[in-house]
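**Student:** For reference, the structure I am asking about is given below.
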């Protein structure tokens, strides 16, 4: 058996087409403010990708590139200004931030109505309560869309997530619980992790360890979602050993071209939704 390829790049392209059509009918362009502190190489690449994708669908993406030594008060003042700017619909702060900045304090300062990354405690709390937040974090939201394509009925599925981050693992676990899955979240201190992953109908790897998941970690016919982006011998690879598992899984995402494109697409979808939320008469 050769696994079905879950093509996030193709799915994202479909979403971009729908967003372009929706934006073309609006009286003005939605606007996304991107705050970047410092010159982290990976962050610079991610920001450029977001700007290119925004331009592709008709969203104005304004970059506020601040120096590494920016004071916390200055950053908070910028967020306050963007929160009150009626022309700015979404605000994101590219993570990670330099060590001298309090990430939680800064993310919490973004208005829940403009928190298109879905990290503000209001939005995460509403999600946790199985209520409707303004926004859901882009990566978990994109993963759910990919899963629904290959597994329309998630109820009762046994899901194991490798990685308990606030950006992916935890909100994704909540989304899956809200879809009536049985969810196990593992992390660096989980013992006998392979015994847990071998029971998973759906295995999601988001831990940042190159090719951690091998064929003997999964059960026959499992659906595999790879969130990892690692470099090994100069090449990008995921947390799942694609070549090793592809004949045992029923479906899996590639790296690159799987979850990554969906993350950007969901961020842009959230930005358009923010514009509509802030303009209820449309």
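Derivation of every value follows stated rules applied to the coordinates shown; laboratory data play no part. Here the structure is a predicted model, which means the values were calculated and not measured. In this analysis, Cβ positions are derived from the backbone assuming ideal geometry, glycine residues included, and neighbour counts consider all displayed protein chains.
**Student:** Can you classify region 28-111 as rounded, prolate or oblate using the Cα gyration tensor, where a ≥ b ≥ c are the square roots of its eigenvalues, rounded means a/c under 1.5, and otherwise it's prolate if a/b beats b/c and oblate if not?
**Tutor:** oblate
**Student:** Given that just one value was derived from the coordinates, which of [x] 22.0, 70; [y] 20.1, 64; [z] 18.9, 57 is Rg and Dmax of the Cα atoms in Å?
**Tutor:** [z]
**Student:** Taking neighbour counts of Cβ atoms within 10 Å as a proxy for exposure, in what order, fewest first, do 245, 227 appear?
**Tutor:** Numbers: 245 22, 227 30.
Ranked by crowding around the Cβ, least crowded first: 245, 227.
**Student:** If you don't mind, another one. Cα gyration tensor of region 138-259, axes a ≥ b ≥ c as square roots of the eigenvalues: rounded (a/c below 1.5), prolate (a/b > b/c) or oblate?
**Tutor:** rounded
**Student:** Residue separation times 0.36 nm, minus the C-alpha to C-alpha distance between residue 194 and residue 43: what's the value?
**Tutor:** Working: separation 151, 0.36 × 151 = 54.36 nm, distance 3.20 nm.
Separation in residues times 0.36 nm, less the Cα-Cα distance, equals 51.2 nm.
**Student:** Run lengths n ≥ 4 of DSSP H only: what is the helix-derived mean residue ellipticity at 222 nm for the chain, with -39500 (n - 2.57) per run over all residues, to the nearest 500?
**Tutor:** After summing the helix terms and dividing by residue count, I get -12500 deg cm²/dmol.
**Student:** Further question on the same structure: If one takes the longest principal axis of the Cα atoms in the chain, at what angle in degrees, from 0 to 90 and to the nearest 10, does the Cα axis of helix 138-150 lie?
**Tutor:** 40 degrees
**Student:** What does the highest-first list of 65-74, 159-168 look like by mean Cβ count within 10 Å?
**Tutor:** 159-168, 65-74
**Student:** Only counting other Cβ atoms within 10 Å, I'd like 216, 244, 226 sorted with the fewest neighbours first.
**Tutor:** The fewest-first ordering by Cβ neighbours comes to 216, 244, 226.
**Student:** May I pose another question? Obtain the nm distance between the two label points defined at residue 128 and residue 231 by a simple spin-label model: each point lies 7 Å from its Cα along the Cα-to-C-beta direction.
**Tutor:** 3.6 nm
**Student:** State, as an integer percentage, the relative contact order of region 65-192 based on alpha-carbon contacts under 8 Å between residues 6 or more apart.
**Tutor:** RCO, region 65-192: 17 percent.
**Student:** Apply the a/c threshold of 1.5 to the C-alpha gyration tensor of region 105-177 and tell me whether it is rounded, prolate or oblate. Mind dumping the intermediate values first?
**Tutor:** Details: a/c = 2.14, a/b = 1.89, b/c = 1.13.
It is prolate, given that a/c is not under 1.5 and a/b is the larger ratio.
**Student:** Ok, one more. Sketch the reach of a paramagnetic label on residue 282 as a point 7 Å from Cα along Cα-to-Cβ, and name the residues of region 73-113 whose backbone nitrogen lies under 17 Å away.
**Tutor:** Label zone hits: 85-91, 113.
**Student:** Just to confirm my numbers, what's the Cα centroid distance between region 104-131 and region 9-65 in Å?
**Tutor:** Measuring centre to centre over Cα atoms gives 20 Å.
**Student:** I need the calculated FRET efficiency for the pair residue 7 and residue 64, taking r as the beta carbon distance and R₀ as 30 Å, to the nearest 0.05.
**Tutor:** 0.35
**Student:** With label points built 7 Å along Cα→Cβ from the Cα atoms of residue 55 and residue 73, find their separation and express it in nm.
**Tutor:** Reported label-point gap for residue 55 and residue 73 is 3.7 nm.
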